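Q: One structure is given below, represented as structure tokens, and several questions about it will come after.
The values are calculated or read from the model by the stated rules, or taken from the named source; none is laboratory data. Given the structure is predicted, the values throughout are model-derived calculations rather than measurements. Reconstructed Cβ throughout: ideal geometry from the backbone, glycine too, with neighbour counts over all protein chains shown.
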Amino acid sequence: MLKFPILKKMVRKPASKTKVEDQVEVGSPKTPVTPEFIDDDAATSPTFASVEQEDTKVWSSSFTWNMQTTPSEFAAISNVWEEEKKHSGQLDVITKKDEILDNKDELKEYAKSVKAPFKLGIRVAAEEEPTFPFYTSRLGIRAKDILEFYVDRIEGYESKFQLKMLHIFLNKGIKDDVYYWSELNKIINLYCQLKKICPELDSINIGGGFPIKHSLGFNYDYQFMIDEIVRNIKVACKKAKVPMPNIFTEFGSFTVGESMAHIYSVIGEKIQNDRETWYMIDSSFITTLPDTWGIGERFLLLPINKWDSEYQRVVLGGITCDSHDYYDSEEHINEVFLPKANNDEPLYLGFFHTGAYQDQISGYGGIKHCLIPSPKHIIVGYDKNGKLVDWVYAKEQTAQSMLKILGYVK
């Protein structure tokens, strides 16, 4: 089995600002904000592509707010940034000294640890979808508690820390349905209420991101959703008579999803009854595409060869001993149809748009279920002359290396 991650140096620099009246202008429906790529050495700090609409900016970035840094780490980083400010005379007010609070108690720790003034964001706990096992996300502070929290713990301490951003993250991403618009309007209304008593608040961060293609029949109107999100914010702010916020987004899977593909070969065909034909692959879905097993995710599946052959309904099986190591449906239908296998050449299958986040979850090396080895990694990209090239980034894991990890080989 081979993987083809397509890697780029993704350091963003500001795009030219385009002022429009009624819509956010984007380069293409595939990329809501189009970054330019520059060498790492050319960038001194994270900067961002932005698009301007009237008095608000829409930013797309994964560098903006760190929600995982511990207070002690954050204090050390803040001190470094303060020294940088002394020498350079510049400080990026959005990106450099900001923390998103996930719970109320974090503020005490930051107040104790961080000596320089810093800026805060608050993550708003989202209500989960009706099909989810829980009513409310474990992440963030309850919306009904945030106004009181601001008045009791933040207001009056602006010389030490300031509230700059409200953040919400929805697991299902940005989708045109009642649930999404209800949760989005909750944070918009909360922003409008807070803005009246918190002049420093100037940003909303909408997490979750856009969906990506997991089927050839995929159809999604990115431009419509961008326009509707901005329109909803404008209408609410106008009604509440408060300024429009800067709009931040975090397009995780949308940014990296298309950067990788998993390639398998069919090593055997098994007809187990009158209705089920199994194609056994040379690896495991559990260990290499864990989301197919863990959350029932579906990816864009295409045969690499034998396109002109007759097709048949099949179930794909991994080679672990686990009964759940299988793949039996696609995004748009409840079945899998692939070319018939024969003995003239192996059938190769490609699972595309697997960059979010199958390899990060699976990892390379170590010990996996049933001692399935980590596959060979191949990088495909362009050289300096624009020619498409590929090279082996990591070889397939060997049995010897796994035995060494287990202590059988010294």
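Q: What tally of residues in segment 332-389 results from selecting those that are touching a Leu at 6+ places or on another chain (Cβ under 6 Å) and in a loop (DSSP other than H, G, I, E, B)?
A: So the answer is 2.
Q: Could you identify the single residue in GLY252, GLY268 that is of a type in the set (Gly, Ala, Ser) and either within 20 Å of GLN397 (Cβ to Cβ) or not assigned by TED's automatic domain parsing to the domain that holds GLY208 (or both)? Before the answer, list the steps.
A: Details: GLY252 fails: either within 20 Å of GLN397 (Cβ to Cβ) or not assigned by TED's automatic domain parsing to the domain that holds GLY208 (or both).
Result of the check over GLY252, GLY268: GLY268.
Q: Being part of a strand (DSSP E or B) and buried (at least 17 other Cβ atoms within 10 Å of the Cβ) is the filter here, so list the residues in segment 289-314 that pass it. So that I can check it myself, show each step before the final result.
A: Step one: list which residues in segment 289-314 are part of a strand (DSSP E or B), which gives 300-303, 311-313.
Result: LEU300, LEU301.
Q: Kindly provide the set of residues from segment 213-253 that are of a type in the set (Ser, Thr, Tyr) and out of contact with any His (no Cβ under 6 Å at 6 or more places or on another chain), ordered by number. Steps first, please.
A: Filtering segment 213-253 for residues of a type in the set (Ser, Thr, Tyr) gives 215, 220, 222, 249, 253.
The answer is TYR220, TYR222, THR249, SER253.
Results for (1) polar (S, T, N, Q); (2) out of contact with any strand residue (DSSP E or B) (no Cβ under 7 Å at 6 or more places or on another chain), shown as yes or no for each residue.
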site: VAL314; (1), (2): no, no
site: HIS324; (1), (2): no, yes
site: ASP328; (1), (2): no, no
site: ASN334; (1), (2): yes, yes
site: ASN342; (1), (2): yes, yes
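Q: Moving on to the next point. Going by the structure shown, is ILE361 in the same structural domain as SER283 (by TED's automatic domain parsing), more than 17 Å from SER284 (Cβ to Cβ) and touching an Asp or Glu at 6+ places or on another chain (Cβ under 8 Å)?
A: Numbers: in the same structural domain as SER283 (by TED's automatic domain parsing): yes; more than 17 Å from SER284 (Cβ to Cβ): no; touching an Asp or Glu at 6+ places or on another chain (Cβ under 8 Å): yes.
Criteria not met by ILE361.
Q: Need the failing condition index for SER283 against (1) part of a loop (DSSP other than H, G, I, E, B); (2) out of contact with any Gly (no Cβ under 7 Å at 6 or more places or on another chain); (3) buried (at least 17 other Cβ atoms within 10 Å of the Cβ), just the number.
A: Every listed condition holds for SER283 apart from (2).
Q: Output the number of the condition that TYR279 fails; it satisfies all remaining conditions of (1) outside the structural domain of ILE204 (by TED's automatic domain parsing); (2) in contact with a Phe, Trp or Tyr (Cβ under 8 Å, 6 or more places away or on another chain); (3) among the aromatic types (Phe, Trp, Tyr).
A: (2)
Q: Another question, if that's okay. Test ASN205 against the stated conditions and say whether it is more than 30 Å from LEU302 (Cα to Cα), in contact (Cβ under 8 Å) with a residue 40 or more places away in the chain, buried (at least 17 other Cβ atoms within 10 Å of the Cβ) and not assigned by TED's automatic domain parsing to the domain that holds SER284.
A: On the way: more than 30 Å from LEU302 (Cα to Cα): yes; in contact (Cβ under 8 Å) with a residue 40 or more places away in the chain: yes; buried (at least 17 other Cβ atoms within 10 Å of the Cβ): yes; not assigned by TED's automatic domain parsing to the domain that holds SER284: yes.
Judged against the criteria, ASN205 is a match.
Q: Quick one: is TYR180 at pLDDT 95 or above and of a type outside the set (Lys, Arg)?
A: Values: at pLDDT 95 or above: no; of a type outside the set (Lys, Arg): yes.
So TYR180 does not fit the description; no.
Q: Follow-up question, since we're still on this one. Among residues belonging to segment 99-128 that are surrounded by fewer than 18 Cβ atoms within 10 Å (Cβ to Cβ) and farther than 23 Å from PHE248 by Cα, point out the one that is modelled with the highest pLDDT.
A: Of everything passing the filter in segment 99-128, ASP105 is modelled with the highest pLDDT.
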